[in-house]
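The values are calculated or read from the model by the stated rules, or taken from the named source; none is laboratory data. Just so it is clear, the model here is predicted, and its values are computed rather than measured. Cβ: placed from backbone, ideal geometry, glycine included. Neighbour counts: every protein chain shown. Quick note on the areas: whole protein, heavy atoms, side chains included, nothing else; ligands and nucleic acids left out. Shrake-Rupley method; radii C 1.70, N 1.55, O 1.52, S 1.80 Å.
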Amino acid sequence: MEQFFDDVDDRPRDAAFTLESALDDLQCADIDLNRYAARRAAQMADAVALARHNPEVYVHECGTDAADQAERAAVFDIALRLKRSEDDVRAELSVVQAAMRQLPNLWHHARDGFVSMYLVSRAVSAVQRLRAPANATPEQQDAAREAARRIDEAMSEWVFSCSPANVLRRLRRLVDRLDPEPAEVRHTRALADRRVCFDHQDHQMSWINAYIPTSEAIAADRRLTATAKQVKKNDPCEARTIAQIRADLFSEWLRGVGTDRAAQTKIFVTVPVQLLDGERVGGANGTEGTEGVDAADLPAQSAEIVGHGPIDPLTAKQLFLDIGVFRRVVVDPIRSVVIDMDRRRRHATQAQRDWLILQHGTCAVDGCTRLALDADIDHDTPWARGGKTNLDDLRPLCPRHHVDRHRTRAIYRSRPDGTVEVTTPTGFRSTAPPPEFRATDDVTAASVVPDLVAPPF
């Protein structure tokens with residue numbers, strides 16, 4: 001550790017003083033980080049407000065929705081500049097706008113660096129929970145304003161004397177006391193927000209999160225545990241743990257393995273031809289497995305689920321071989337599909353759409369991770385200006401960027417590799433992603449349709 005005050009003789013040099021100085025610096029750095037985070041959020045809000053007041057900077061025609069369209073374009077501009085997702089920018093904007101409007105004291109402390117943006121966001125969520133309904137009476141509106149004032153006042157005191165966990169616990173209790181709605185009404189409102197979320201992780205694994213009623217979650221948890229214990233008990237040779245069996249059962253039930261209620265969904269997997277041919281999968285002597293294999297013996301390209309990421313060779317082979325679970329189609333897009341339609345039709349054919357999905361994986365715009373599977377197919381040269389429905393003139397754009405491309409002054413330009421560079425009306429130009437293996441280079445394209453069915457419960 002760096003020694004402090006080496007050139008000052010009248011200062012103590014013991015370890016306690018050095019540690020105290022280091023921790024004081026750490027505390028100051030934390031305050032500075034909070035201050036800069038609040039300042040950045042405020043600058044984002046100011047930029048969006050300026051765009052709404054001057055929509056002509058971003059949009060071609062200043063109609064009734066020009067301000068909203070300009071705000072969306074400004075959010076996209078900010079996301080490109082800060083290299084963040086648009087949803088992330090919108091979430092932070094929502095927090096700072098609500099804090100400025102409804103929590104002035106807490107926001108003042110945040111600007112000074114004494115409150116983190118995380119605690120500000122939790123306070124904003126509490127205020128949103130107590131907001132007046134759209135058709136609220138004057139009394140309900142007054143009650144909502146009073147609740148926001150009390151939250152602002154309490155939080156402004158707690159953040160200086162309580163730990164973050166204690167602050168959040170006190171906040172929950174305060175909100176429960178201030179909420180005029182009965183518990184059953186709050187449950188009904190929360191029930192409307194039920195949903196399922198997917199979070200794709202490394203090593204070809206993912207999390208599935210479901211926001212459902214607690215009674216149903218407990219019932220599902222108990223059924224998983226009871227069934228897993230029964231499987232373990234009935235098979236003395238079962239090597240899986242209870243946790244692993246629970247995860248396998250969860251996946252099988254959701255996918256409907258062994259049932260006849262099919263709800264089929266198409267996904268795309270690209271597999272290098274040498275994987276299917278068995279080339280360079282084993283060791284140098286042709287032995288199976290990967291342990292002790294030299295890097296030169298491994299295939300240069302890996303299989304991947306289009307739009308999500310690579311999968312290991314054994315999993316890729318299993319997708320093709322396990323016909324009982326997957327229906328598979330191996331196609332040669334060069335010889336078996338019509339890829340150019342010229343001016344004969346405006347909309348891309350299904351074969352063209354599938355090939356574009358395989359080629360891009362996600363929306364073609366720099367930094368956008370929305371799946372090409374759900375994207376619109378856009379003409380580089382607009383159809384109304386003579387554009388052709390050929391692969392070279394088509395690219396997948398997510399609905400949000402498709403609308404922005406035609407309704408704002410942003411310039412969308414395709415690069416030779418198919419990615420799309422965006423130049424915003426304020427002059428910022430998105431950067432090209434680093435070169436990587438493309439899904440269409442020396443691969444066999446596989447359209448894999450899992451036999452997904454409704455759960456049996």
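Quick notes on this structure:
- In the range 58-79, the residues that are under 18 Å from residue 40 (Cα atoms) and free of Cβ contacts under 8 Å to residues at least 12 places away in the same chain never reach a residue that is of a type in the set (A, V, I, L, M) and open to solvent by less than 10 Å² (accessible area, probe 1.4 Å) with C-beta atoms less than 8 angstrom apart, at least six apart or across chains.
- The range 157-216, residues that are in a helix (DSSP H, G or I), within 30 Å of residue 251 (Cα to Cα) and open to solvent by 80 Å² or more (accessible area, probe 1.4 Å): 187, 188, 189, 214, 215, 216
- Sole exception among (1) open to solvent by less than 80 Å² (accessible area, probe 1.4 Å); (2) more than 20 Å from residue 42 (Cα to Cα); (3) touching a helix residue (DSSP H, G or I) at 6+ places or on another chain (Cβ under 9 Å) for residue 123, by number: (2)
- Scanning the range 385-400 for residues that are open to solvent by less than 30 Å² (accessible area, probe 1.4 Å) and assigned to a helix (DSSP H, G or I), we see that the one that is modelled with the highest pLDDT is 393.
- Residues in the range 348-384 that are hydrophobic (A, V, I, L, M, F, W, C), assigned to a loop (DSSP other than H, G, I, E, B) and in contact with a Gly (Cβ under 7 Å, 6 or more places away or on another chain): 364 only.
- Within the range 83-101, tally of residues that are open to solvent by less than 60 Å² (accessible area, probe 1.4 Å) and either part of a helix (DSSP H, G or I) or among the small types (Gly, Ala, Ser) (or both): 9
- Hits in the range 426-457 - residues which are under 20 Å from residue 360 (Cβ atoms), part of a loop (DSSP other than H, G, I, E, B) and at pLDDT below 90: 431, 432, 433, 434, 435, 436, 437, 438, 439, 440, 441, 442
- Any hit, the range 144-154, residues being of a type outside the set (Gly, Ala, Ser), in a loop (DSSP other than H, G, I, E, B) and under 23 Å from residue 115 (Cα atoms): no
- Count - residues of the range 401-425 that are open to solvent by 70 Å² or more (accessible area, probe 1.4 Å), at pLDDT 85 or above and either aliphatic (A, V, I, L, M) or outside any strand (DSSP E or B) (or both): 5
- Hits in the range 234-260 (condition: at pLDDT 90 or above and of a type in the set (Lys, Arg)): 240, 246
- Matching entry among 132, 74 (being more than 19 Å from residue 50 (Cβ to Cβ), in contact with a helix residue (DSSP H, G or I) (Cβ under 6 Å, 6 or more places away or on another chain) and surrounded by 15 or more Cβ atoms within 10 Å (Cβ to Cβ)): 132
- Screening residue 80 on (1) open to solvent by 70 Å² or more (accessible area, probe 1.4 Å); (2) at pLDDT below 95 shows it passes everything except condition (1).
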